[in-house]
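The values are calculated or read from the model by the stated rules, or taken from the named source; none is laboratory data. These numbers come from a predicted model, not from an experiment. Glycine also receives a Cβ, built like all others from the backbone with ideal geometry; neighbour counts cover every protein chain displayed. Just the protein is used for accessible areas: all its heavy atoms, side chains included, with ligands, DNA and RNA removed. Shrake-Rupley method; radii C 1.70, N 1.55, O 1.52, S 1.80 Å.
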Amino acid sequence: MQMSTTPIQRGSISTKSYSDEIVDKEAGRLFEVINQPKLWDLETCRHIAPLTLEINELKKEKDVFLIAHSYQTPDIIYGVADSVSDSYTLSKAARDAPQNTILFSSVRFMAETAKIVSPHKTIIHPSPEAGCSLSDSITAQDVRALKEKYPDVPVACYINTTAEVKAEVDVCVTSSNFLKICERLPGDKLIFVPDRLMGKHLTEYLEGKKEVINYHGECYVHSTFTGEKIKSWRQRSADQGISLKVLSHPECDADVIAESDIVGSSEKLMNEAMRLSSEGESDIMLITECGTADRLRAESENEINLIGTCVMCRYMKMTLLEDILQALREPRKNQIIELDEEIIKKAQKSLNEMFRLAE
Ligand code: 13P
Ligand code: SF4
C-alpha cells in the first residue's frame, strides 16, 4: 500500500474525547504558557487542548522525548515540547536524552543530526518534507569537488546540511560557535559551506589570519533583510526619541550585521533581548525568523516593544500538532530517520569535532 506523504491539515485528525472539565483545564494551561491572549485566545486553546492532551499522554506512555526548535509555533513549544532551543543546544539534548525515542519537531537536517549523535535511538520527524534552503543548496558531490580543487584545506560546514554533506567535512559548526571553531582550525585557509552570508561574516572576522573559501548557499528567510532598512527604522525610531536595539542572526548579510548591536543564534538573541528588557532597554528589533519574537512574548517578564517585522520560515512552520499526534500514534516509514551506517560514522566525526572545539 502506498503511504501518504501529504501533510495533515489543521483540524483534520480525530482526537480522543476528553471531558469538558479536562479540556477547560488544559486550555487554561495553554492560554497561560503561550501568553499571547489575542492570537491564542481561550477558545483557540480549547480547540487545540485535545491534541496537546493526547500528545502528552502518548509521550509518557511510549517514553518519548519531544524536542522543538525555537522557530516552531507556540502551541508546540509551550504545549508539548520537553526541550526548546537553538540547533547547537538541541543536538546536545538529543545526544544526552535518556529516552530511546526522540520526536524532533523542526526541519529535517536537525532530526538527521539527532540520529547521527545517537544512532541507537529512534528519531521521529513528523514532517519529512520540511527542508531548508541552506541544506538544499549543497550536495556531498559539491563538497568532494571543492576538496579536490583545494586539497589539504580543512572544510567546515554549517549544521544546516544533510548527513551526506556532514560525512564529507572535517567539522560542523552552528550559529553559536562558527567564528570560534573556524578560528581554531589548523592552517591559513579554510573552506566554509554552504552559507555565503555567514561565510562573508567569517571572512571579515578572520581577515589577516585566514583566507575563507566560500560557497553560494543562503537562507531565504535571513537573506531578505537589508542594512538600509534597519538604518531607516533606526532613524524613524530616533526621530520619536526611541533608542532601538537591533539583534540579528548571523545568517543575515554583512550590511545587516554591521547595523546590529548583537549578533547570535536564535537562543542567544532570545536571552539577550530578555536581558536588555530587564535593564530597561525594551525597544527591540529582532532581525530573524518570527519564532524568536513569539518566544520572547511568552517568556519575558518585562514589557518589550518589538519594533519592525519578522519573516516566517515556511519549512519550520510545516509541522502542526496534528502531524506530531499522528507520528506519535503510528509513524509512517518516511517519518522515521534512517541513515546509512557509513554516513553516520563519518558524520559523527565532524559533529564530535564540533563538540570538542566549541566547549
Ligand atoms: P540556530 O542554531 O540559531 O537556532 O539556527 C538554526 C536556523 O536554522 C536558523 O535559521
Ligand atoms: Fe533553513 Fe533559513 Fe528556515 Fe533556518 S530559517 S531552517 S536556515 S530556510
Segments 187-200, 127-140 sorted - mean Cβ within 10 Å per residue, highest first
187-200, 127-140
Rg and Dmax [Cα atoms of the range 131-264; Å; Rg one decimal, Dmax integer]:
16.3, 56
Give me the percent relative contact order of the range 32-147, please, defined on Cα pairs under 8 angstrom at least 6 residues apart.
20 percent
Share of the range 1-148's accessible area from carbon and sulfur, percent, 1.4 Å?
52 percent
Tally up the carbon and sulfur contribution to the accessible surface of the range 179-271 as a whole percent, 1.4 Å probe, everything protein left in place.
48 percent
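Below 8 Å between Cα atoms, with a sequence gap of 6+, how large is the relative contact order for the range 277-340 in percent? Write out the running numbers ahead of the final one.
Details: 45 pairs, mean separation 20.4, N = 64.
With pairs under 8 Å counted, the relative contact order is 32 percent.
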Write down the accessible area per residue of the chain in Å², having rolled a 1.4 Å probe over the full set of protein chains.
45 Å²
Determine ³J(HN,Hα), in whole Hz, for all residues of the range 122-132 in sequence, where each value follows from phi through the Karplus function 6.51 cos²θ - 1.76 cosθ + 1.60 and θ = phi - 60°; x replaces Gly and Pro.
8, 10, 9, 10, x, 10, x, 7, 7, x, 6
Using alpha carbon coordinates only, what is the Rg to Rh ratio of the range 1-140, with Rh defined as the Kirkwood radius?
0.99
For Met312, which sequence-distant residues (separation of 5 or more, or a different chain) have an amide H within less than 5 Å of its own amide H, given hydrogens modelled in the peptide plane?
Cys290
For the chain, modelled as a Gaussian network with Cα springs under 10 Å, which listed residue fluctuates most, Gly28, Gly79, Gly291?
Gly28
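Using only alpha carbon pairs under 8 Å that are at least six residues apart, calculate the relative contact order of the chain and give it in whole percent.
20 percent
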In a Gaussian network model over the chain where Cα atoms closer than 10 Å are linked, find which of Gln141, Gln326, Gln72 has the largest mean-square fluctuation.
Gln141
Which three numbers, in whole Å and largest first, are the semi-axes of the equivalent ellipsoid of the chain derived from its Cα gyration tensor as √(5λ)?
34, 29, 16
Taking the inverse of the average 1/r across all pairs of different Cα atoms in the range 167-209, what Kirkwood radius in Å do you get?
10.8 Å
Can you give me the Cα centroid spacing of the range 28-92 and the range 213-250 in angstrom?
30 Å
Burial-style ranking of 102-111, 44-53, average other-beta-carbon count within 10 Å with highest first, yields 102-111, 44-53
